[in-house]
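Okay, so here's the structure we're looking at.
The values are calculated or read from the model by the stated rules, or taken from the named source; none is laboratory data. All values reported here derive from a predicted model rather than from experimental measurement. Here Cβ is always computed from backbone atoms with ideal geometry, including for glycine, and neighbour counts include all displayed protein chains. These accessible areas exclude ligands, DNA and RNA; they are computed on the full protein's heavy atoms, side chains included. Shrake-Rupley method; radii C 1.70, N 1.55, O 1.52, S 1.80 Å.
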Amino acid sequence: MMNLDPEKLPLHLAIIMDGNGRWAQQRMLKRIVGHQRGAETVNMVVEQAWRLGIKYLTLFAFSSENWSRPAMEVRALMTLLKKYIRQETARMMRKNIRYNVIGNRSDLPDDVNATLDEAIRQTSGNTGMLLTLALSYGGRQELSMAASRLARDVVAGKCSPDEITTDVFGSYLDTGGLPDPDFLIRTSGEMRISNFLLWQLAYTELYFTETNWPDFTINEFQKALADFQARERRFGKTSDQISKRN
Ligand code: FPP
């Protein structure tokens with residue numbers, strides 16, 4: 001990728017991969033064909049993010065709300081996911097990429113969980129990029145589960161209510177230990193967060209494109225990253241303070 005400042009890349013990039021279904025329907029194809037093409041875009045983005053040296057890539061692959069889709073589509077998505085992970089683990093090993101999963105794993109079918117466990121185990125020593133898949137994930141669910149775990153620790157005397165800072169609370173989330181995303185890309189023209197990483201996106205730069213996920217190209221990816229590089233991130237400070245690096 002050209003014209004990008006390697007010093008100003010997001011440390012953590014998150015993506016809401018939307019529009020697979022519409023992409024397929026516009027072409028009179030089955031929705032699952034859109035997801036299959038979407039998996040090819042996943043490959044492109046993983047490849048390019050890896051080339052650029054992006055350390056954390058988090059993909060919204062299946063939301064808590066997606067369970068209410070037709071059973072056939074849910075099944076097909078689970079099969080696709082399993083196939084993708086099996087097929088790509090060797091490549092993740094070559095590229096030193098480590099798999100991670102956030103979301104409610106207990107909702108996932110056993111065979112999908114077994115495939116995920118194996119991929120996570122195999123790649124656990126890799127240090128290049130952390131590829132996090134959000135599966136059966138919902139931000140509010142994650143927050144309430146974190147609150148519940150924290151409450152248990154308080155009751156058990158492991159933590160005092162006075163000690164609950166944002167850092168402490170953050171460590172109870174599925175993303176504990178990960179930096180917050182610097183940049184979020186959402187495809188297909190929807191301008192919503194849709195219950196993704198609610199806590200973690202507090203200061204994230206947001207980017208929306210009309211392009212459906214299967215049509216999202218290297219060029220578009222580069223354009224999005226260039227847009228990120230042109231932004232000034234102030235985190236509540238003034239522009240002057242930022243330019244003086246205060
Ligand atoms: C949103 O499109 C996409 C999903 C619900 C699933 C995302 C899955 C993939 C990209 C494929 C496999 C993933 C991996 C990590 C290999 P949509 O169906 O909501 O599109 P629509 O809004 O047009 O209906």
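Amide H neighbours of Gly19 under 5 Å, at least 5 residues apart or on other chains, H built in the peptide plane: list them.
Excluding prolines and chain starts, which carry no amide H, the hits are Trp213.
Put +1 on the Cβ of each Lys and Arg and -1 on the Cβ of each Asp and Glu in segment 94-246; which of Thr187, Gly170, Gly139 then has its Cα farthest toward the positive end of the dipole?
Final value for the positive-end residue is Gly170.
Given labels modelled 7 Å from the Cα in the Cβ direction, how far is it in nm from Asn66 to Leu143?
So the two model labels end up 2.2 nm from each other.
State in Å² the accessible area per residue of segment 75-174; use a 1.4 Å probe, count heavy atoms of protein chains only, and round to the nearest integer.
Normalised by residue count, the accessible surface of segment 75-174 is 53 Å².
Please list, ordered by chain and number, the residues whose modelled amide H lies under 5 Å from the amide H of Glu205; skip anything fewer than 5 residues away on the same chain.
Phe183, Leu184
Which residue, Glu220, Glu232, Glu142, tops the fluctuation ranking in a GNM of the chain built on C-alpha contacts under 10 Å?
Result for the chain, Cα springs under 10 Å: Glu232 fluctuates most.
Find which of Leu81, Thr58, Ala114 sits farthest along the positive direction of the dipole of segment 1-128, computed with +1 on the beta-carbon of Lys and Arg, -1 on that of Asp and Glu, about the Cα centre.
So the residue we want is Leu81.
Given axes a ≥ b ≥ c from the Cα gyration tensor, I'd like to know whether segment 1-79 is rounded (a/c under 1.5), prolate (a/b larger than b/c) or oblate.
prolate
Can you tell me the FRET efficiency between Ala202 and Asp117 if r is taken as the Cβ-Cβ distance and R0 is 25 Å, rounded to the nearest 0.05?
Computed FRET efficiency for Ala202 and Asp117 comes out at 0.20.
Which of the DSSP-defined H helices in the chain satisfy a minimum axial length of 30 Å, computed from C-alpha atoms, and a minimum mean Kyte-Doolittle hydropathy of -1.0?
Helices passing the filter in the chain: 31-52, 71-94.
With springs only between Cα atoms under 10 Å apart, run a GNM on the chain and tell me which of Phe235, Phe183, Phe60 wobbles the most.
Of the options given, Phe235 has the highest mean-square fluctuation.
Could you let me know the centre-to-centre spacing of segment 92-110 and segment 182-246, using Cα atoms, in angstrom?
24 Å
Relative to the Cα centre, what is the charge dipole magnitude of segment 1-150, using +1 at the beta carbon of each Lys and Arg, -1 at the beta carbon of each Asp and Glu, and rounding to the nearest 20 debye?
280 debye
Given Cα positions, please report Rg to Rh for the chain, the hydrodynamic radius being the Kirkwood one.
That ratio equals 0.97.
So the label point goes 7 Å from the Cα of Met93 along Cα→C-beta, right? Which residues of segment 122-138 then have their backbone N under 15 Å from it?
122-127
Which pairs, out of Lys30/Lys83; Lys158/Lys237; Lys30/Lys55, put more than 30 Å between their alpha-carbon atoms?
Lys158/Lys237; Lys30/Lys55
Given charges of +1 on the Cβ of Lys and Arg and -1 on the Cβ of Asp and Glu, with all other atoms neutral, how large is the dipole of segment 169-246 about its Cα centre, in debye to the nearest 20?
The calculation lands at about 400 debye.
So which residue, out of Ser144, Ser160, Ser194, gets the largest mean-square fluctuation from a GNM of the chain using Cα contacts under 10 Å as springs?
Comparing Ser144, Ser160, Ser194 in a Gaussian network model of the chain, the most mobile one is Ser160.
Which of rounded, prolate, oblate describes segment 140-246, given a ≥ b ≥ c as roots of the alpha-carbon gyration tensor eigenvalues and a/c under 1.5 marking rounded, otherwise prolate only if a/b is larger than b/c?
Oblate, since a/c reaches 1.5 and b/c is not below a/b.
What 222 nm value per residue comes from the helices of the chain, counting each DSSP H run with n ≥ 4 as -39,500 (n - 2.57) and dividing by all residues, nearest 500 deg cm²/dmol?
So the helix-based figure for the chain works out to -13500 deg cm²/dmol.
Taking the full set of protein chains and a 1.4 angstrom probe, give the accessible area of Asp162 in square angstrom, rounded to the nearest 10.
For Asp162, solvent-accessible area is about 150 Å².
Going by average Cβ density within 10 Å per residue, which order do the peptides 207-213, 26-32 take, highest to lowest?
207-213, 26-32
Which value, in debye to the nearest 20, gives the size of the charge dipole of segment 116-220 about its Cα centre, when Lys and Arg are +1 and Asp and Glu are -1 at the Cβ?
360 debye
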